[in-house]
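Encoded as structure tokens, the structure appears first; notes follow it.
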Amino acid sequence: VVPGVVSGLILKNVTLFFAGATVWEVVTLQGGEIRDRWQGQGFIQPPKLQVESAEFSQPLNAHPSSQWRPAVGQTAQALFELFAEAPISTGMVIAVSSRFYHVSTAVTVTAAGNAIPVTAQPLPELSGSAVSWGVAVQVGSDIPAATRFQVGVAAEPLSTGAGQDGWLLEVFSSVDDAVTTLMRDGVWSPACDEDFIHSVPLRTNDGQTPEFPVAETYSVEVTALSRRGDTVQVTLGGLENAPIIGDNVTQNNASGVVVEVVGSEAVVEVAAGAMTPGEFTIGNQSLQVTTVTPFLPPPLAAIDVSVVIHPNSTYPTSVQVVAPIGFRFREDDCLRPGTDTSAFVSCSASVVDSYSVATLVSVKGGAAVRNVGGDAIVPRAVLEVITAAMQPADGTWYARGLLADTVGWGKFPLGPGQGGSVAVVQMKDSMVRYSGLAGSSGLIAVTFELTGNYVGESGQVVVAPPAGYTLECDGFDPLELSGASCDSGPPFKIRFDAATTMRRGQYAFVASVVVPADEPAADDFFQIHVLKADGELVDAATQVGREVIRTDIQVQSSSLTFSSAQPGQVSTLTVSLEMGAATTSDMVQTVLITLPEGVLFEAGSSVDVNSPGASVASTDSKEDGTRLSVTTEADSALPQGWYSFTFSVRVPLRMPMFNVILVELLTGGGRPPSFENTDAQRQLTVVLPGFRLGSAPTSELQSKVSPLSLLQVFVLVCMLDVVGR
């Protein structure tokens, strides 16, 4: 030690027994005599952490998977209950690292029930790897001495043998201090072998994984299967003899049957295998498959679901399949033909936390999911399930393997936009229209479209109304349907006779409805179910919107007259409304009269409007002649009495299926923007069945309704496509 020269000293293997500020003394001696002395404060020794308990579990939620073991590659939460003898001051760092878990920066720190603000950043990456094994958590406020506090870290186990050992929790004065201490020779090397923190295991050792069991991650595939097969669209060009319904179809290993022939196309239902675009044969003739439409499950239908499970390294004695909320497995025996019976022998259903769960029992204690060499095979189960009334917000399916406890699990997302095939699809273009007058009895028009689903002879249509509504056969009009009869039920039902086959296309009819005095629950809709003769549901719509119930508008009756119903001829139509009471000028400002598709306002003709006191300001028509508006003075009140609209139309060569005239009372005033998007303005609707082609001229086709009132602006609309609206 030379005077005037800085000297240094390194002390090794120093044990520090107390946390907090350190006080140091330096003394120089010569010949046993003290020559110099210095005493002062040194570094702050972080407190020693005591782990009182620890757990690693799924984030809590309502799904049954939150009760299962964490799985490899699935994010779960490591939660440590800690005790520090000395305070952890603001700015100090808690480093959490592990050899067996990928640790994220999603960290929470709680003391005495209060959240501690933290800033988390990943510790340096492992040399040669992109995996971050630790996180530095800088606290934003003091944690007092002798305080129990909790640290929660989101992490993914890297293997089923991760267990609980291998976690390292340390406190440093700063992030730089943590990085410097934990980095040795430029390689991330936490001293896990030297400083294990042996936490209290919360689960019993199952003999497979040390300390804390981690489940294997399964690969799961779920696919909806039609019992009738997918629908194939076929181009018939070049055929010498057009196919007929019932002809057998083959393509490689796929087979099917022709269920419909329309013009230059046929519809084939594939009963086995899978067809692809390309050639197939009907008899000895070749055709081209132009479109393959996969099976799309309708609401509340009994369908088959194929579940393929990859068990990886596990040997489960049973497998549980959890369906999204709203789906229900068959209770007695949910297995269906197509199941790998060398793997599964039985199936039973139960309900867990509102979720339907199918439990599949494996053959020979799980050995059936292995081949002779011990490699995993892929067992397949076909299960019967009733689809949900509507697509659930979370469409994920889960499967887990059991061997005393969970040994593996996985999930398959099938929600909207996720590309799955078990997304519930509502029947196309389903609509009901009726007067929403509280306590009234009037007509209701019902329409829907069948697309790829084939019903056959003696089909049935069941309409289930919301609570408080009643449907009746009084006023039943089949419109353009043939072979249809009405049954008031309950349930209300339209039946088709044995000579009538329900095929693809639009359907519509009119019946009677009694409207309640009060609105039903917001999620209570009309439902339309299409059934086969044996009661099997083919298609359905369970979210058909209803009219708003009104008490402040009065329309007592409406009527229609026409001068001709001959195809291609000009006919004079008069649509009339009887207002039961005078109205003010701030509620209904527009009347839309929507005519059946193809019935066009005759170009160049005029419109006569008769009203008991309302002044007509102007008339206007859409350029293509499909819609017409008649406007009254803006601030004039509408007195009680009859209002009639007379105009000329061209009768089409063929009336559409939805042969209905809709009279709608709207708010908004003036001409609706481009005559479109009037649903938000609609206050009340009156339904009038249209006239039949070839019918004799009538003096009046009348529809009785109840009170209705208020209007200022009349808009007469001839709509080309009412269902499109």
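The values are calculated or read from the model by the stated rules, or taken from the named source; none is laboratory data. The structure presented is a predicted model; accordingly, all values stated were derived computationally and were not measured. Quick reminder, even Gly has a Cβ in these numbers, built from the backbone with ideal geometry, and neighbours come from all protein chains shown. With ligands, DNA and RNA removed, areas are computed over all heavy atoms of the protein, side chains included. Shrake-Rupley method; radii C 1.70, N 1.55, O 1.52, S 1.80 Å.
Only strands (runs of 3 or more DSSP E) wholly contained in region 259-351 count here; list those with 3 or more residues that are modelled with pLDDT under 85 and β-branched (Val, Ile, Thr).
Result: 265-272, 285-293.
Considering only residues of region 74-115 that are in a loop (DSSP other than H, G, I, E, B) and within 41 Å of the chain's Cα centre (by Cα), which is nearest to Ala136 (Cα to Cα)?
Once the filter is applied, the top-ranked residue is Arg99.
Mind checking which strands (runs of 3 or more DSSP E) fall wholly inside region 559-613 and carry at least 2 residues that are more than 16 Å from Leu662 (Cβ to Cβ) and at pLDDT 90 or above?
Counting at least 2 such residues, we get 570-579.
Examine region 22-40 for a residue that is surrounded by 10 or more Cβ atoms within 10 Å (Cβ to Cβ), under 30 Å from Val139 (Cα atoms), within 60 Å of the chain's Cα centre (by Cα) and at pLDDT below 85, and state whether such a residue exists.
So the first thing to find is which residues in region 22-40 are surrounded by 10 or more Cβ atoms within 10 Å (Cβ to Cβ), and the list is 22, 24, 26-29, 35-37.
Filter once more, keeping what is under 30 Å from Val139 (Cα atoms): 22, 24.
Within this subset, residues satisfying the condition of being within 60 Å of the chain's Cα centre (by Cα) are none.
No, the conditions are met nowhere in region 22-40.
Residue under question is Phe43, and the condition is that it be modelled with pLDDT under 75 and assigned to a strand (DSSP E or B); does it hold?
Working: modelled with pLDDT under 75: yes; assigned to a strand (DSSP E or B): yes.
It is true that Phe43 is modelled with pLDDT under 75 and assigned to a strand (DSSP E or B).
Examine region 473-495 for a residue that is in contact (Cβ under 8 Å) with a residue 60 or more places away in the chain, surrounded by fewer than 22 Cβ atoms within 10 Å (Cβ to Cβ), closer than 29 Å to Val259 by Cα and in contact with a Ser or Thr (Cβ under 6 Å, 6 or more places away or on another chain), and state whether such a residue exists.
The answer is no, given that none of the residues of region 473-495 is in contact (Cβ under 8 Å) with a residue 60 or more places away in the chain, surrounded by fewer than 22 Cβ atoms within 10 Å (Cβ to Cβ), closer than 29 Å to Val259 by Cα and in contact with a Ser or Thr (Cβ under 6 Å, 6 or more places away or on another chain).
Checking the conditions here, which among Val26, Val14, Val109, Val72 is free of Cβ contacts under 8 Å to residues at least 12 places away in the same chain and among the aliphatic types (A, V, I, L, M)?
Exactly one residue qualifies, and that residue is Val14.
Does region 508-526 contain any residue that is surrounded by fewer than 17 Cβ atoms within 10 Å (Cβ to Cβ) and under 25 Å from Val267 (Cα atoms)?
no
Could you please tell me which pairs satisfy a Cβ distance under 9 Å, a separation of 6+ or placement on different chains, a first residue in region 509-523 that is within 21 Å of Ser488 (Cα to Cα), and a second residue that is open to solvent by less than 20 Å² (accessible area, probe 1.4 Å) and of a type in the set (Asp, Glu)?
Close Cβ pairs satisfying both conditions: Val515/Glu547.
How many residues does region 81-104 contain that are under 30 Å from Tyr398 (Cα atoms) and buried (at least 23 other Cβ atoms within 10 Å of the Cβ)?
First pass over region 81-104, keeping only residues under 30 Å from Tyr398 (Cα atoms): 98-104.
Filter once more, so that each one left must be buried (at least 23 other Cβ atoms within 10 Å of the Cβ): 98, 101, 103.
Within region 81-104, residues that are under 30 Å from Tyr398 (Cα atoms) and buried (at least 23 other Cβ atoms within 10 Å of the Cβ) number 3.
Which condition breaks for Leu711 when tested against (1) within 23 Å of Tyr507 (Cα to Cα); (2) at pLDDT below 70; (3) of a type in the set (A, V, I, L, M, F, W, C)?
Unmet condition: (1).
Considering every residue within region 556-569, establish whether at least one is under 25 Å from Gln681 (Cα atoms) and among the aromatic types (Phe, Trp, Tyr).
Within region 556-569, the subset under 25 Å from Gln681 (Cα atoms) is 556-560.
The next check asks that each one be among the aromatic types (Phe, Trp, Tyr); those that pass are none.
No, there is no match, as no residue in region 556-569 is under 25 Å from Gln681 (Cα atoms) and among the aromatic types (Phe, Trp, Tyr).
Residue check: is Glu519 touching a strand residue (DSSP E or B) at 6+ places or on another chain (Cβ under 8 Å) and part of a loop (DSSP other than H, G, I, E, B)?
no
For residues that are in contact with a Gly (Cβ under 9 Å, 6 or more places away or on another chain) and either open to solvent by 20 Å² or more (accessible area, probe 1.4 Å) or of a type in the set (S, T, N, Q) (or both), scanning just region 311-332, find the one that is nearest to Pro413 (Cα to Cα).
Gln320
Can you tell me how many residues in region 136-152 are aliphatic (A, V, I, L, M) and exposed (fewer than 15 other Cβ atoms within 10 Å of the Cβ)?
Counting residues in region 136-152 that are aliphatic (A, V, I, L, M) and exposed (fewer than 15 other Cβ atoms within 10 Å of the Cβ) gives 2.
Quick one: Thr500 ticks every box in (1) among the polar types (S, T, N, Q); (2) more than 22 Å from Leu300 (Cβ to Cβ); (3) in contact with a Phe, Trp or Tyr (Cβ under 8 Å, 6 or more places away or on another chain); (4) modelled with pLDDT under 85 except a single one, so which number is it?
(3)
Out of curiosity, is Val369 at pLDDT 55 or above, of a type in the set (Val, Ile, Thr), under 23 Å from Thr341 (Cβ atoms) and open to solvent by less than 60 Å² (accessible area, probe 1.4 Å)?
Working: at pLDDT 55 or above: no; of a type in the set (Val, Ile, Thr): yes; under 23 Å from Thr341 (Cβ atoms): yes; open to solvent by less than 60 Å² (accessible area, probe 1.4 Å): yes.
When the stated conditions are applied, Val369 does not pass them.
Go through (1) free of Cβ contacts under 8 Å to residues at least 60 places away in the same chain; (2) more than 28 Å from Thr314 (Cα to Cα) for Leu82 and report which single condition fails.
(1) is the only condition that Leu82 fails.
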